[in-house]
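Q: Can you keep this structure in mind? I'll have questions shortly.
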Amino acid sequence: KEYIDHGHDNIQLYVNGDNLGVNKNFESALRKCDGDIIFLSDQDDIWEAYKVEHIINYFKNHEKCGLVFTDATLVDANNKVIGDSLWRKIKFDSSQTICFDDFLHGRFVTGATVAIRSKLLIQLLPIPQFWIHDAWLSVNAFILSDIYALNEKTIRYRQHENNVIGVERLSLIQKIRYRLCNIEESATFRKVMYERFKSLYKERKAEISVDDRKNLIKCIKFWKELYEIQNIKK
């Protein structure tokens with residue numbers, strides 16, 4: 001609003017009447033975008049000056065690419081570098097070929113670094129209830145087009161207490177302690193994972209290869225059984 005008040009009339013500000021939640025808020029914003037390439041900018045991160053140019057150039061030279069994501073420099077709330085890059089922190093290796101199974105084992109695409117073609121984006125909305133927006137966009141982009149991990153730190157990714165999703169990883173002992181103290185939340189997590197992959201199968205089973213479809217079905221069964229076991233123990 002302050003930028004608009006100072007004459008930056010190329011900014012359009014929309015204020016929701018109600019709190020839509022993260023996913024529906026993203027979906028609402030994405031539906032309002034009309035550019036050929038849509039860049040996500042969902043936090044108080046700092047873009048490097050070369051970010052847009054480098055990503056746009058990749059799209060120009062690779063017509064089949066539907067989504068690009070990048071590495072990032074981790075900084076604190078005051079823009080002070082606080083350690084390894086984002087990819088090293090989450091143990092993502094950009095030199096390895098991305099395969100469908102990678103999406104079944106965890107999230108490695110950070111939405112704040114993502115750019116996506118609008119002609120692909122319209123095929124990916126709405127975002128299902130149990131998905132995080134960047135995970136849904138990236139796995140579907142992989143299935144329907146090509147995605148590319150650009151090995152550049154294009155943003156300074158702030159880590160502070162107001163992050164919806166940060167990059168901290170718990171140790172094994174911390175994970176065990178957390179699960180023991182949060183049985184209800186653990187059961188909810190298992191249900192979410194089951195519903196998440198079930199919705200992906202329902203939406204994309206025709207486009208997924210036979211082998212990937214088999215692995216997705218195994219994944220669905222795995223989370224379903226864990227959730228049912230948890231309910232029996234309760």
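Q: What are the residues in the range 95-111 that are open to solvent by 50 Å² or more (accessible area, probe 1.4 Å), at pLDDT below 95, under 20 Å from Leu200 (Cβ atoms) and not in a helix (DSSP H, G or I), if any?
A: The one that is open to solvent by 50 Å² or more (accessible area, probe 1.4 Å), at pLDDT below 95, under 20 Å from Leu200 (Cβ atoms) and not in a helix (DSSP H, G or I): Arg107.
Conditions tested, residue by residue: (1) open to solvent by 40 Å² or more (accessible area, probe 1.4 Å); (2) outside any strand (DSSP E or B); (3) basic (Lys, Arg).
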{"site": "Gly7", "(1), (2), (3)": "yes, yes, no"}
{"site": "Ser41", "(1), (2), (3)": "yes, yes, no"}
{"site": "Ala72", "(1), (2), (3)": "no, no, no"}
{"site": "Asn79", "(1), (2), (3)": "yes, yes, no"}
{"site": "Ile82", "(1), (2), (3)": "yes, no, no"}
{"site": "Asp93", "(1), (2), (3)": "yes, yes, no"}
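Q: Something else now. Just wondering, is there one or more residues in the range 16-23 that are touching a residue at least 12 places away in the same chain (Cβ under 8 Å), part of a loop (DSSP other than H, G, I, E, B) and in contact with a helix residue (DSSP H, G or I) (Cβ under 7 Å, 6 or more places away or on another chain)? Write out each step before concluding.
A: Quick first cut of the range 16-23, residues touching a residue at least 12 places away in the same chain (Cβ under 8 Å) only: 16, 22-23.
Retained after the next criterion (residues that are part of a loop (DSSP other than H, G, I, E, B)): 16.
From what's left, in contact with a helix residue (DSSP H, G or I) (Cβ under 7 Å, 6 or more places away or on another chain): 16.
Within the range 16-23 (the criterion being touching a residue at least 12 places away in the same chain (Cβ under 8 Å), part of a loop (DSSP other than H, G, I, E, B) and in contact with a helix residue (DSSP H, G or I) (Cβ under 7 Å, 6 or more places away or on another chain)), the answer is yes, since at least one residue qualifies.
Q: Any idea how many residues of the range 25-39 are touching a residue at least 40 places away in the same chain (Cβ under 8 Å) and either in a helix (DSSP H, G or I) or open to solvent by less than 20 Å² (accessible area, probe 1.4 Å) (or both)?
A: 5
Q: Filter the range 140-169 down to the residues that are modelled with pLDDT under 95, of a type outside the set (A, V, I, L, M, F, W, C) and open to solvent by 80 Å² or more (accessible area, probe 1.4 Å) and list them by number.
A: Listed by number, the residues that qualify are Glu161, Asn162, Glu168, Arg169.
Q: Being within 21 Å of Gly111 (Cβ to Cβ) and touching a Cys at 6+ places or on another chain (Cβ under 9 Å) narrows it down to one of Tyr58, Tyr50, so name that one. Let's see the steps before the verdict.
A: Numbers: Tyr50 fails: touching a Cys at 6+ places or on another chain (Cβ under 9 Å).
Among Tyr58, Tyr50, only Tyr58 is within 21 Å of Gly111 (Cβ to Cβ) and touching a Cys at 6+ places or on another chain (Cβ under 9 Å).
The values are calculated or read from the model by the stated rules, or taken from the named source; none is laboratory data. Note that this is a predicted model, so its numbers are computed, not measured. Every residue, glycine as well, gets a Cβ built from its backbone with ideal geometry; the counts of neighbours run over all protein chains shown. Protein only, heavy atoms only, side chains kept; ligands, DNA and RNA dropped before computing areas. Shrake-Rupley method; radii C 1.70, N 1.55, O 1.52, S 1.80 Å.
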